[in-house]
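Peer 1: My questions will all concern the structure given below.
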Amino acid sequence: MKAAFAPKYGPSDVVEIRDMPRPVAGAGEVLVEIHATTVTRTDRETLRGHPWFARLVTGLTGPKHPVLGIDFAGVVVEVGPGTCRFAIGDRVFGLSPSRYGCHAEWVAVPEDGAIGHIPDKLAFHEAVVGEGAWYAHSNLEAFGLTPGQDVMIYGASGAIGTAAVQLAKARGAHVTAVVGTRHTDLAAALGADLVVNYMTEDFTARPERYDLVFDAVGKTTYPACRKLLKPHGAYYASDLGPWGQTVWLSLWSAITRSRRVVIGMPRDPREVIGFLGDMLADGRYRAVIDSHYDLDDISAAYAHVATEQKTGIVVIDVKPR
């Protein structure tokens, strides 16, 4: 099969297209012929081997899983012994966070893992939304966001941010989205109750106070946002923050049990895939797609993600749309 292979850590151009053995479905697994996948911030940071301590998990000298890619959408073409949830021909989507392997033409995944049926009439490229929704859901769930609470989402135009807006609204929260000028209409269309343009005003100087401020891109800080919080509010982040300061602040918050600053750790990805199919089917959730690339051009997709200017997800069309 054709796959994008990363032989070492480095920039986008280290990724090369190789012919590799096609995987087979083992016991309790299904083999999925991939039609669409994504290049995400996680893929890009894994390719870089960043942060350095992550290499204890991803591989000390190079990627432990040289075929990256977490999101997949495609068709089941083979089922292993003991499988019962899926049949050959089923259209499925999901996540492969422990194995990666989705930047390829086929991937074998556990049928009891983060995999679900694609709603009827939804295109494959509209179903590769799992990773952003997974991180957003993990943070909102860790905080315990409930109906009527006020949440500010900073960076509401990326994969995690667009997911967070939609998931927070589905929970009945009042959502303020902070984005740049070109994304104000998008944030409103996703359901944000208030859209703040950080390019034309200081979002930290606004009078509103929030139960949760969620930094979905890792580009602001708790000190900058502290005055936006209600007395028992919290600052959550999807990243380490500038100079890694959010890590140390979250550790101090854990020691003091204030839970004022938290980096939301990824939860079981099966949680989000379990309800995401229903939300996609009834229109409560939709993919926000920045751009499309062919698998042969995946290095260019990595380079684009590295600019940190993408809107929503960057789709790799493994099969023609």
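The values are calculated or read from the model by the stated rules, or taken from the named source; none is laboratory data. Not measured: the values here are computed from a predicted model. Cβ sites come from the backbone with ideal geometry, for glycine too, and all protein chains shown count toward neighbours. The protein model used for the area step is the full one, side chains on, heavy atoms only, and it has no ligands, DNA or RNA in it. Shrake-Rupley method; radii C 1.70, N 1.55, O 1.52, S 1.80 Å.
Peer 1: Inspect the range 110-132 for any residue being out of contact with any strand residue (DSSP E or B) (no Cβ under 8 Å at 6 or more places or on another chain) and under 25 Å from residue 240 (Cα atoms) and give the result as yes or no.
Peer 2: no
Peer 1: Kindly evaluate residue 313 against the criterion of being surrounded by 16 or more Cβ atoms within 10 Å (Cβ to Cβ) and not in a helix (DSSP H, G or I).
Peer 2: On the way: surrounded by 16 or more Cβ atoms within 10 Å (Cβ to Cβ): yes; not in a helix (DSSP H, G or I): yes.
The answer is yes for residue 313.
Peer 1: Could you list all residues from the range 47-63 that are in a helix (DSSP H, G or I), surrounded by 12 or more Cβ atoms within 10 Å (Cβ to Cβ), out of contact with any Ser or Thr (no Cβ under 6 Å at 6 or more places or on another chain) and not charged (D, E, K, R)?
Peer 2: Correct list: 47, 54.
Peer 1: Please work out if residue 148 is at positive phi and under 17 Å from the mean Cα position of the chain (by Cα). Spell out how you get there, then give the answer.
Peer 2: Numbers: at positive phi: yes; under 17 Å from the mean Cα position of the chain (by Cα): no.
The answer is no for residue 148.
Peer 1: Got at least one residue in the range 277-295 being of a type in the set (Lys, Arg) and in contact with a Phe, Trp or Tyr (Cβ under 9 Å, 6 or more places away or on another chain)?
Peer 2: Taking the range 277-295 and keeping what is of a type in the set (Lys, Arg), we get 284, 286.
The next check asks that each one be in contact with a Phe, Trp or Tyr (Cβ under 9 Å, 6 or more places away or on another chain); those that pass are none.
There is no residue in the range 277-295 that is of a type in the set (Lys, Arg) and in contact with a Phe, Trp or Tyr (Cβ under 9 Å, 6 or more places away or on another chain).
Peer 1: Look through the range 252-276, keep the residues that are without any contact (Cβ under 8 Å) to a residue 40 or more places away in the chain, assigned to a helix (DSSP H, G or I) and β-branched (Val, Ile, Thr), and return whichever of them is most open to solvent (accessible area, probe 1.4 Å).
Peer 2: 255
Peer 1: Here are 287, 237, 254: which of them is modelled with pLDDT under 95 and under 14 Å from the mean Cα position of the chain (by Cα)? Break it down stepwise before answering.
Peer 2: Details: 287 fails: modelled with pLDDT under 95; 254 fails: under 14 Å from the mean Cα position of the chain (by Cα).
Exactly one of 287, 237, 254 is modelled with pLDDT under 95 and under 14 Å from the mean Cα position of the chain (by Cα), namely 237.
Peer 1: Out of 165, 175, report the one residue that is over 30 Å from residue 23 (Cα atoms), of a type in the set (A, V, I, L, M), open to solvent by less than 40 Å² (accessible area, probe 1.4 Å) and over 18 Å from the mean Cα position of the chain (by Cα).
Peer 2: Only one candidate qualifies: 175.
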